[in-house]
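S.K.: Input: one structure, supplied below.
Where a number appears in this text, it was derived from the coordinates with a stated rule and is not lab data. For clarity, every value in this text was computed on a predicted model and none was experimentally measured. Here the Cβ positions follow ideal geometry from the backbone for every residue, glycine too, while neighbour counts run over all protein chains shown.
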Amino acid sequence: MRVRSVRPPIYGVMAEFNNPTALVNAAREARARGYRRLDAYTPFPIEELAEVLHLPKSKLPLIVLIGGILGGLTGYLMQYYVTVIYFPINIGGRPLHSWPMYIVITFELTILFAAISAVLGLLGLCGLPMPYHPVFNVPRFARASRSRFFLCIQATDPLFDRKATEDFLESLEPREVAEVAH
Amino acid sequence: MADERPLIDEELQPEPVIAPGYTFGTVTDQIASVVLTRRTPVFWMACFSAGFALLLLLLWSVALLFAKGVGIWGIKIPVGWGFAITNFVWWIGIGHAGTLISAILLLLNQQWRNSINRFAEAMTLFAVACAGMFPLLHMGRPWLFYWMFPYPNTMGVQPQFRSPLVWDVFAVSTYATVSFLFWFVGLMPDLATLRDRATNRWARGVYGMLAMGWRNSVRHWHHYETASLLLAGLATPLVLSVHTVVSFDFTIAIVPGWHSTFFPPYFVAGAIYSGFAMVLVLAIPLRAVYGLEGLITEKHLDNSAKVMLATGLIVGYSYMLETFTAWYSGNVYESAALWNRMTGPYAGAYWFLITCNVVAPQFLWFKRVRGKPILLFLASLVVLVGMWLERFVIIVTSLAQDYLPSSWRIFTPTRWDWATYLGTIGLFLFLFFLFIRLLPMISIFEVRTLLPQAKIEEEGQA
């Protein structure tokens, strides 16, 4: 389903929890209620959350694989081009295409390109750098990077209803429920 | 699986790696407070000033080097490599422990690494920065360093890709880049923590920009965990390859004492040996001064000491094998080179290195020694000296006395050799203490995962 053309008045509703178990249970409950546009915020990675929220598998390994292959090809072909075509040096009739000697640089460039694509891929998939995001409008959200666990149901969710969703989140016994302004 | 005895499960329970009593909040506050405070400890001031003073010495000697050339050093043919390459190999070896801790121990799921990986990675970066300077300064015309890279140029020439020295350019520059990326990716969530906790507008702005909008979303973490594992998987073969390529600088040459197939593993073991020594030299004073004994515990010191002992034994074995090969090969030049090392003009350095690298670490067998930070600190200093001497002995003795006695010449370092070397120690201290003051020296989010309350309790689920 496409995002509604009319911008909802708020970004969503956010509940704050004390511990990771409460958050995972709350996220599971919200999924069971039919909410789909959910996001959770935690001070450290929690594997169970990705499962509960049914996040698709990360595409990063594919990006890194492609980066690595490109790096390897760049390394090998660069050396081939330089030693065989552009600047051939005949030393006692030894073959110009001396592939065993190309291994080290081919390997290093494979790693280099793969690592750079891992980092750029990470930033791209996370949508970073992002100068502004509405969740930071909740003053207590700063604790997501310290000790608190947040669940946010976005207003674009088809089931979202300002009152009903807030009541639902309150029923999960959070520390606090807050509206997230745009 | 079901009838497995519970006893085994209990034994497999890992013992806690950080002290009990911490919460997510207190861990965060304690580590972040080192950075987000106006108060700077006297210890920091002292170390930073010492580093800065030595950095000025480095600038002085490099300025003189640029003005007068490499003649200010003691290098003369046949000893063309001298201190510069000794220092290069020593520094880059020290860097290896950082990558080992951050990448290899991550893949092996060794959770105790979580409280020492950050500063060990920083150590890697700064050690590689120091290492990388030496081959450049040693080139004679350092300002033309870019000639080492293949780029279209009006001279119509290209680097020789069959030379291990060119491999080194690629290996070391890749290592520096990947180490930086790995370190920065590891920092992102902690930069977000500092952004959220800083009260100073300026600090919040700078940390905020560096954190790039990281908001601890489960979607971020999902990709983030994949990225860390992939980077660790890439850094692991890389770190092993870098010192292998460094050892190729020697083994591919036919100089007696260098031309040997066991150099790659020998160099890698030595690198990790000296690197862990540096980790201990840095960690022991830091944990005492900043009161981090609950996070960098005796267990971390004990484990690092054990790695040091294990790699030290491999290094000792390599010395034995080197001697054995020289004798067993029946090659007169090989055995003469070894004999010269043991009894010739550099015999003092050789036996001192054996004492430092082989005899001294044997004390680490004893738990009582490993449990005393001050003794560990001293042992690590001894190992660092020993490993520097090892690189010196390998490089200088083989070059000074090779095949033709008429061309033999003894190398004597000048004061500028020493000044440049001490200067890079200054650069290292300067950068490292800036890092301690400005960035969290322990990975906050990874320590949070070590707390018992980070576990999800699945009981009572529908």
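S.K.: If you fit an axis through the alpha-carbon atoms of helix B:164-197 and take the longest principal axis of the Cα set of chain B, what angle between them do you get, 0 to 90°, nearest 10?
M.R.: Approximately 20 degrees, to the nearest ten.
S.K.: Here are some pairs, B:Lys306/B:Lys455; B:Lys306/B:Lys372; A:Lys59/A:Lys163; which of them have Cα atoms lying more than 25 Å apart in this structure?
M.R.: Check vs 25 Å cut-off fails for B:Lys306/B:Lys455; A:Lys59/A:Lys163.
S.K.: Estimate the FRET efficiency between B:Trp351 and B:Glu298 by the formula 1/(1 + (r/R0)^6), using the beta-carbon distance for r and 25 Å for R0, to the nearest 0.05.
M.R.: 0.15
S.K.: So, one more: With a ≥ b ≥ c taken as the square roots of the eigenvalues of the C-alpha gyration tensor of the range B:325-435, please select rounded if a/c is under 1.5 and otherwise prolate if a/b is larger than b/c or oblate if it is not?
M.R.: oblate
S.K.: For B:Ser329 and B:Phe262 in one chain, what is 0.36 nm times their gap in residues minus the Cα-Cα distance, to one decimal in nm?
M.R.: Taking 0.36 nm per residue and subtracting the Cα distance, the gain is 22.7 nm.
S.K.: Starting from the Cα-Cα distance between B:Arg201 and B:Thr449, subtract it from 0.36 nm times their residue separation and give me the gain in nm to one decimal.
M.R.: 86.3 nm
S.K.: Shifting gears a bit: What shape does chain B have by the C-alpha gyration tensor, where a ≥ b ≥ c are the square roots of the eigenvalues, rounded means a/c under 1.5, and otherwise prolate means a/b greater than b/c and oblate the rest?
M.R.: Verdict is prolate for chain B.
S.K.: Between B:Leu144 and A:Val84, take the C-beta separation as r, use R0 = 30 Å, and let me know the FRET efficiency to the nearest 0.05.
M.R.: 0.70
S.K.: Taking a spot 7 Å from the Cα of B:Leu381 along the direction of its beta carbon, which residues of the range B:33-53 have an amide N less than 15 Å from it?
M.R.: B:47
S.K.: What's the longest piece of chain B with no exposed trypsin sites (Lys or Arg not before Pro), counting a site as exposed if DSSP puts it in a loop and it has at most 16 other beta carbons within 10 Å?
M.R.: The answer is B:40-408.
S.K.: Set the Förster radius R0 to 35 Å, insert the Cβ-Cβ distance between B:Lys367 and B:Met320 as r into 1/(1 + (r/R0)^6), and round the FRET efficiency to 0.05.
M.R.: 0.85
S.K.: With n ≥ 4 as the cut-off for DSSP H runs, can you work out [θ] at 222 nm for chain B, using -39500 (n - 2.57) per run divided by the number of residues, rounded to the nearest 500?
M.R.: One gets -22500 deg cm²/dmol as the mean residue ellipticity at 222 nm.
S.K.: For chain A, what are the DSSP H helices with axial Cα length of 18 Å or more and mean Kyte-Doolittle hydropathy of at least 0.0?
M.R.: Once both thresholds are applied, what remains is A:60-80, A:103-126.
S.K.: Let me ask something additional. Distance from the Cα centre of the range B:123-190 to that of the range A:109-176, in angstrom?
M.R.: Between the Cα centres of the range B:123-190 and the range A:109-176 lies a distance of 38 Å.
S.K.: Along Cα→Cβ, 7 Å out, is where each label goes; now give me the distance between the ones at A:Ala164 and B:Val42 in nm to one decimal.
M.R.: Modelled inter-label distance: 6.8 nm.
S.K.: Would you work out which of B:His222, B:Gly82, B:Ile104 lies farthest towards the positive end of the dipole of chain B, given +1 charges on the beta-carbon of Lys and Arg and -1 on that of Asp and Glu, about the Cα centre?
M.R.: B:Gly82
S.K.: Here's a follow-up. With each label point set 7 Å from Cα along the Cα-Cβ vector, what nm distance links B:Arg415 and B:Leu108?
M.R.: Using points 7 Å along Cα→Cβ, the separation is 4.6 nm.
S.K.: So for the pair A:Met130, B:Ala253, with labels modelled 7 Å out along Cα→Cβ, what separation do we get in nm?
M.R.: 5.4
S.K.: Here is a further query. Using only the alpha-carbon atoms, how far is helix B:263-289 inclined from the longest principal axis of chain B? Give it as 0 to 90 degrees, nearest 10.
M.R.: 50
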